[in-house]
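Heads up: the structure comes next, in structure tokens.
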Amino acid sequence: MKRFCHLCFSAHTEALFRAEEDYRHFLNLLAIQSASTGTAVLADAEMSDHVHLCLFAQAPAQFAGRLRESYTKYFNSKYGRGGRMGEKGTRIVALEGTRHICTALTYTLRNGLHHGLCQTAFGYPYCSIHQMFASELGFIPAPPDQPVSPLRLPQHVSIPPAFRMDATGTVVRSSFMEIAQAESFYGTPRNFLYQMNRLSDERWSQEQGQDDPEEKPFILTDAEPFIPPGGLSALLENERGFRYDRHRLNDLQVCKLIDRMLSGRSIYQLSSADRNRLANTLYKDHHLSKRQIIRCLALDWTRK
């Protein structure tokens, strides 16, 4: 039996996405897995070191395993890396009731805001927020979608005729995701905007209790499998948008900086000593945080 669920997998000591191409390829794999397993994807958010998905799925653990395996093969081949990517296992939370599902959707779509990467939830590009109530909210439509090119997808996959592709070779979300179903949990564009801008507080849990008082509410710590000490208060403070620093390099920008410094070589081709020297250069010259340097270099680093 299919059930609604939220899932998250993470790699908090390593960047899952080092280039725009990686985000696009992951979305294509998400589309393929959705079609091949009959899984409805309602919302997605790809962060540099973790991924959030809201699904209506028969076997979410199997879905997550196949998606992670296919993406890992791509990533390892591209960067000369080996082994599993990320922490073992995927956090899966079953969702019961309209308000529980709506809360999980909201946490997913606002994830860029929670992590201080934008001033509003609409400022983060790697999620499905701009597909929600697109015409009602006046989002500028993209150029006409093109038929899918098999050359842009892994070989030997069945491509549904409904799939459409944009100019970058990415399967567009509206051609494979259940956007209308996701919108139904908000009801109106006005309520959607309210949910995207409200602050997390006890009312979220109280409102979910209207579905079923015995059902555990979906809260931020359910959405995030890894929150460092003191990190929860920072996530909540980020919702206000005041902590956003437009001058701070995000992980994608740092990875691009590293790639330029390496002149096309992969960080996984470097010795541990070379990566440590590069880490110290990034810290001294660009004033990056230790956690960000570790992620972008996939490194067990002690600052000198």
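The values are calculated or read from the model by the stated rules, or taken from the named source; none is laboratory data. If you're wondering where the values come from, they're calculated on a predicted model, not measured in any experiment. Here the Cβ is made from the backbone with ideal geometry for all residues, glycine too, and neighbour counts use every protein chain on show.
Tabulated data
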read-out: GLN206 vs. criteria surrounded by fewer than 17 Cβ atoms within 10 Å (Cβ to Cβ), assigned to a helix (DSSP H, G or I) and assigned by TED's automatic domain parsing to the domain that holds GLN195; value: yes
read-out: Residue pairs meeting the criteria (Cβ under 6 Å; at least 6 apart or on separate chains; first closer than 13 Å to HIS130 by Cα, in region 160-180; second of a type in the set (Gly, Ala, Ser)); value: ARG173/SER128
read-out: Residue satisfying all of: in region 61-90; touching a His at 6+ places or on another chain (Cβ under 9 Å) and either in a helix (DSSP H, G or I) or hydroxyl-bearing (Ser, Thr, Tyr) (or both); surrounded by the fewest Cβ atoms within 10 Å (Cβ to Cβ) among these; value: LYS78
read-out: Every residue from region 108-128 that is β-branched (Val, Ile, Thr) and either in contact with an Asp or Glu (Cβ under 6 Å, 6 or more places away or on another chain) or closer than 20 Å to PHE9 by Cβ (or both); value: THR108
read-out: The one condition in (1) more than 22 Å from ARG18 (Cα to Cα); (2) not in a loop (DSSP other than H, G, I, E, B); (3) not assigned by TED's automatic domain parsing to the domain that holds HIS50 that ILE258 fails to fulfil; value: (1)
read-out: Condition check for GLU214: without any contact (Cβ under 8 Å) to a residue 40 or more places away in the chain, surrounded by fewer than 16 Cβ atoms within 10 Å (Cβ to Cβ) and either assigned to a loop (DSSP other than H, G, I, E, B) or in contact with a Gly (Cβ under 6 Å, 6 or more places away or on another chain) (or both); value: yes
read-out: Residue under evaluation GLU96, criteria (1) surrounded by fewer than 16 Cβ atoms within 10 Å (Cβ to Cβ); (2) in contact (Cβ under 8 Å) with a residue 40 or more places away in the chain; (3) in contact with a strand residue (DSSP E or B) (Cβ under 8 Å, 6 or more places away or on another chain), criterion not met; value: (1)
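Residue by residue, here is whether (1) assigned by TED's automatic domain parsing to the domain that holds PHE185; (2) modelled with pLDDT under 95; (3) within 19 Å of ALA57 (Cβ to Cβ); (4) within 16 Å of the chain's Cα centre (by Cα) holds:
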residue	(1), (2), (3), (4)
LEU117	yes, yes, no, yes
TYR124	yes, no, no, yes
ILE129	yes, no, no, yes
ILE140	yes, yes, no, no
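Residue-wise test of (1) surrounded by fewer than 23 Cβ atoms within 10 Å (Cβ to Cβ); (2) closer than 18 Å to THR170 by Cα.
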site: HIS12; (1), (2): yes, no
site: GLU21; (1), (2): yes, yes
site: LEU30; (1), (2): no, yes
site: ALA43; (1), (2): no, yes
site: GLN58; (1), (2): yes, no
